[in-house]
Amino acid sequence: MRYGYFDDKNREYVITNPRTPVKWINYVGTLAFGGLVDHTGGSLICKEDPALNRITKYIPQLPSSEFKGETLYLRFKQVGGYKVFSPYLVPTLDHYNLYECHVGLGYTRIVSEFYGIRTDVTIFVPLEGSQVLRDIKLTNVSTQLQTVDAIPVVEYTHPDALKQFTNADWVPQTMQSKAFWDSDFVILSQYPFMRKDLAVNYFTSNHTVSSYESDRRRFLGANEYATWANPLSLQQDELGNYDAVRGDNIAALLHHLGTIEPGETVRLVTQLGQGESVEQVLPTIEHYRVPAHVEQAFQELTDFWVAYLSKFQVETPDAGMNSLLNIHNPRQCHTTLNWSRYLSLYQLGLGARGIGFRDSSQDVLGILPQMPAEGRSLIRQLLHVQRRDGSAMHQFNPLTMEANEGDSREVEDAPKYYGDDHLWIVLAIAAYLKETGDLAFLEGVIPYYEKDKEEQPLETGTVLDHMRRAIAFTHDNVGAHGLPLAGFADWNDSVNLRAGAESLFVANQYGKALLEMISLARYVGDEEMVVQYTATYEAMKRRVNEHAWDGEWYVRYFDADGGPIGSHENAEGQIYANGQSWPVISGFASPDRAALSLDAVYQRLNTIKGIKLSAPGYDGFDPTKGGVTTYPPGAKENGGIFLHTNPWVIIAETLVGNGDRAYEYYHQMNPAAKNDSIDEFECEPYVYPQNILGDEHPQFGLGRNSWLTGTASWVYRAATQYILGIRPTYEGLEIDPCIPRGWEGFRVTRVFRKTIYRIEVLNPDHFSKGVRSVRVDGKKIKGNVVPAFGDGSTHSVQVIMG
Ligand code: GLC
């Protein structure tokens, strides 16, 4: 069954059946102000801090039919009272004649028809705005006059999102609402009593309000035994005009829109925002009461996205690949960069999670062609939480820059670092430098993180020093086989081995980071560094191949006693995908071993819905392995299809020249390819989820944790840089495709260092890999690296494979 379709021309996915298996969401605004909007109009909005400055109350765990955060009621008089319904379907669940939710770039547009009224609502946050606008147009599509009232409603939360659920006396005692009549308009403000000088939430519109309500109990019905599906106060002509001094605060504004002629449209714009005080935000409120200003803000948003996407556009023979690469995948990368793992339908931004060092370093990789400056500033921020020994703090709060050691804090005697964290930043910096050529960035001075700032003077280092310390940390922290220690965990957060365990993932990640350091050193002419890191690289390569080859594939860890994990010797967890992809990425695997281990992945880990992280799953809790064994076999990191890792296998396959298999893996994980049979998968077909249940699980194929996942940046990188093979290097743009043999070719428009490259790749003899000739502006060049012209003009590049 399908619930909607891709409309690439308008850069939207259009949901036509609102009864999707789970809520399908979209993001509006940014972490600075914004949040998520679900396809039935519910919204979870916050400003800067999803944990401590949350504005609307959205409880994802409630059934999909329930009110969540925000809705709009419309009503008209009929015999015996008012007919009340929501044009978003939820929470009144009326029969509709038309329902479309257009999931756009930074906006959601819901178009519906109920009872002869067509409602067309565009929901968005203006660029850099601190308000969500809902531009609501109501058209009478019946043949009779219709007299309509519109009552938009928001439910507020206590700013401390968690407290909201943990204290039902203290929280209500501190919540206040107050109405400001601004001529005929109403601004319904809300604030926690103790914080009224700091911030005020407000809800207002551009239409005369005849009455309002700010107390949920009074709105639903005097005794709370009424429901959001049928609020009793909406059977009265007017609302109670009550300023709540405690309790569950809402903002409901009753507008009499008057009589609408057949064919006539009326318009109402609502604003939900936050500012220092009502007085302070009044000019902005007035600004957005003018529909032309709303249209202008929407145009600016559109222009932003058109410019963003224009940096990399493709035409391949695969329509689903085109949809994802031209629109949805770079968009998801923008979302992960912005929100890290802070706020989604699944990750609620609570507790200390904040921004993850590992996750955000990888998110940088997904936006470099489009937003290198944002990439640079996130890298700088991350380097501020790298410790002087080169390792990194695991998470930090971007507002306070307080950092912590993640889950390792909870476990006594556990190492207080993650083996992989600090190495990701080396990869991110190298990618940034190749994208921009901005080598001066290496000289910027950034302090190392000091937990106790009072006791230790801050030590600083250049960006290059930070990279070198990251390398040195892994160099100096090795175990019995001379392989890097795993620390509390490596990329696989859920395998928590006793101190002393060694990680082959980190060994290979280190190898890749060393390759980056060597090519950087070579480019800047630092021979000493080339020699030093080449020796270090070769030494680790030897150790990996000496100790970690298991016969048909590489092992994944050695535990604290030196026993292998991810070996044929193990009954469970015999083979891990990351154990095989990364030795190819690091260049440690010989061609024979690369081929054998990648074949082992294909045979033992691949399914038609994606590659499993490991197999067989652990069946039962094992405290010596930790979190991974808390899931049943086939779920999450325990043999699930943990999608983040699939692009690493794709990259490895392209490195060995297997374009058919690389594409097979790419295609099978493309959510767009699931559009026609999405019931099993359940999640949005326009973004990648973090995980899909594996074939050991009875619900094989079920996706979860969509949107905020490292899958986004890595699959984007795998497709653009390794399958299509358009890869920034220090010298220029390398063209090194690895495509299915069946393809005749493809086209790419790529903006690189302010220059537009129009690239056409032809594959007349049906190769997977290999470039026979490259012509730039009609002239043949030597090799396959197109120069970085940096001249702001357009150049044509014709590539013939062979
Ligand atoms: C989650 C975490 C990420 C980790 C992965 C595998 O996606 O955000 O940091 O690498 O799980 O455990």
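Coordinate-derived values only; no laboratory data. Everything numeric in this text was worked out from a predicted model, so none of it was measured. Using ideal geometry, Cβ is built from the backbone for each residue, glycine included, and neighbour counts are taken over all protein chains shown.
Quick one: compute a quarter of the convex hull surface over the Cα atoms of the stretch 1-55 and quote it in nm².
4.6 nm²
Calculate the tail of P(r) for the stretch 100-155: the fraction of all Cα-Cα distances greater than 12 Å, expressed in %.
Of all Cα-Cα distances in the stretch 100-155, 71 percent exceed 12 Å.
On a full-extension model of 0.36 nm per residue, what is the gain between D777 and T143, subtracting their alpha-carbon distance, rounded to one decimal in nm?
Value of the extension gain: 222.1 nm.
Stretched out fully, how many nm does the piece from L98 to H481 gain, at 0.36 nm a residue minus the Cα gap?
So the extension gain works out to 131.4 nm.
Report the one residue of L733, L708, G694 whose Cα lies farthest in the direction of the positive end of the charge dipole of the stretch 671-802 (charges on C-beta: Lys and Arg +1, Asp and Glu -1; origin at the Cα centre).
L733
Using the Kirkwood formula over every pair of different C-alpha atoms, what hydrodynamic radius in Å results for the chain?
It works out to 28.0 Å.
Please state the relative contact order of the chain as a whole percent: Cα pairs under 8 Å, 6+ residues apart?
That works out to 9 percent.
Compare the peptides 656-668, 781-793 by average per-residue count of other Cβ atoms within 10 angstrom and give them in order, highest first. Can you show the working numbers first?
On the way: 656-668: 20.7, 781-793: 14.5.
Ranking, from highest mean packing down: 656-668, 781-793.
How large is the helix-only mean residue ellipticity at 222 nm for the chain, computed as the sum of -39500 (n - 2.57) over DSSP H runs with n ≥ 4, divided by its residue count, in deg cm²/dmol to the nearest 500?
Result for the chain, helices only: -7500 deg cm²/dmol.
Between F180 and E264, what's the calculated FRET efficiency when r is the beta-carbon distance and R0 is 30 Å? Round to 0.05.
Numbers: r = 31 Å, r/R0 = 1.03.
The pair F180/E264 has a calculated efficiency of 0.45.
Which aspartates and glutamates have a Cα lying under 17 Å from the Cα of K9, excluding residues fewer than 8 positions away in the same chain?
E100, D303, E315, D318
Taking a cut-off of 25 Å, what percent of all Cα-Cα pairs in the stretch 682-800 are separated by more than that? Can you show the working numbers first?
On the way: 2732 of 7021 pairs.
In whole percent, the long-distance tail amounts to 39.
What's log10 of I(q)/I(0) for the stretch 426-551 at q = 0.17, 0.20 Å⁻¹, Debye sum over Cα points only, no solvent?
The computed values of log10 I(q)/I(0) come out as -1.00, -1.20.
How long are the semi-axes of the ellipsoid equivalent to the stretch 526-665, from square roots of 5 times the Cα gyration tensor eigenvalues, in whole Å, largest first? Don't jump to the answer; show the numbers that get you there.
Details: eigenvalues 139, 80, 33 Å².
Over the Cα atoms of the stretch 526-665, the semi-axes work out to 26, 20, 13 Å.
Report the net charge of residues surrounding K612, where surrounding means a beta-carbon distance below 9 angstrom and charges are Lys +1, Arg +1, Asp -1, Glu -1.
Overall, the nearby charge balance is -1.
Run the quick spin-label model on T227 and Y82: label points 7 Å from Cα toward the beta carbon, then report their separation in nm to one decimal.
Distance between the two pseudo-spin positions: 1.9 nm.
Compute the acute angle (0 to 90°) between the alpha-carbon long axis of helix 278-287 and the principal axis of greatest extent of the alpha-carbon atoms of the chain; round to the nearest 10°.
90 degrees
At S796 and E48, where each label point lies 7 Å from the Cα along Cα→Cβ, what is the point-to-point distance in nanometres?
For the pair S796/E48, the computed spacing is 5.2 nm.
Sort 486-499, 601-614 by packing, meaning the average of other beta carbons within 10 Å per residue, with the highest value first.
Per-residue mean Cβ counts within 10 Å order the peptides as 486-499, 601-614.
If I model a spin label as a point 7 Å beyond the Cα along the Cα-Cβ vector, how far apart are those points for I756 and K416 in nm?
5.4 nm
I need the calculated FRET efficiency for the pair A440 and N10, taking r as the beta carbon distance and R₀ as 35 Å, to the nearest 0.05.
Values: r = 41 Å, r/R0 = 1.16.
Once the sixth-power term is evaluated, E becomes 0.30.
What is the helix-to-structure angle for 527-547, meaning the angle in degrees between its Cα long axis and the longest Cα principal axis of the chain, kept from 0 to 90 and rounded to the nearest 10?
90 degrees
Taking the dipole about the Cα centre of the stretch 253-356, with the C-beta of Lys and Arg at +1 and of Asp and Glu at -1, give me whichever of V266, H328, A297 is farthest to the positive side.
My answer, from the dipole projection, is H328.
Once you charge only the Cβ atoms, +1 for Lys and Arg and -1 for Asp and Glu, what is the size of the charge dipole of the chain about its Cα centre, to the nearest 20 debye?
Using Cβ point charges on Lys, Arg, Asp and Glu, the chain gives about 1260 debye.
For S590 and A539, what does the FRET efficiency come to when R0 = 25 Å and r is the distance between their Cβ atoms, rounded to the nearest 0.05?
0.95
May I ask which residue of L220, L282, Y665 lies farthest towards the positive end of the charge dipole of the chain, with charges of +1 (Lys, Arg) and -1 (Asp, Glu) on Cβ and the Cα centre as origin?
Ranked along the dipole, the leading option is Y665.
Could you list log10 I(q)/I(0) for the stretch 636-722 at q = 0.10, 0.12 Å⁻¹, which the Debye formula gives when each Cα is one point scatterer?
The Debye formula, applied to the Cα set alone, gives -0.23, -0.33.
What's the magnitude of the charge dipole for the stretch 627-762 around its Cα centre, counting Lys and Arg as +1 and Asp and Glu as -1 at the beta-carbon? Answer in Debye, nearest 20. Before the final figure, lay out each step's value.
Working: 12 positive and 16 negative charges, 138 e Å.
The calculation lands at about 660 debye.
Report the percentage of all Cα-Cα pairs in the stretch 172-297 whose separation exceeds 18 Å, rounded to a whole percent.
57 percent
Using the Kirkwood radius over Cα pairs, work out the Stokes-Einstein diffusion coefficient for the stretch 353-433 at 4 °C and 1.567 mPa s, in µm²/s as a whole number. Write out the running numbers ahead of the final one.
On the way: Rh = 12.9 Å.
So the translational diffusion coefficient is about 101 µm²/s.
Would you mind checking the pairs K23/K83; K57/K83; K23/K674; K541/K625; K451/K636; K311/K754 and listing those with alpha carbons more than 21 angstrom apart?
Long pairs (Cα-Cα over 21 Å): K23/K83; K57/K83; K541/K625; K451/K636.
What is the helix-to-structure angle for 372-383, meaning the angle in degrees between its Cα long axis and the longest Cα principal axis of the chain, kept from 0 to 90 and rounded to the nearest 10?
80 degrees
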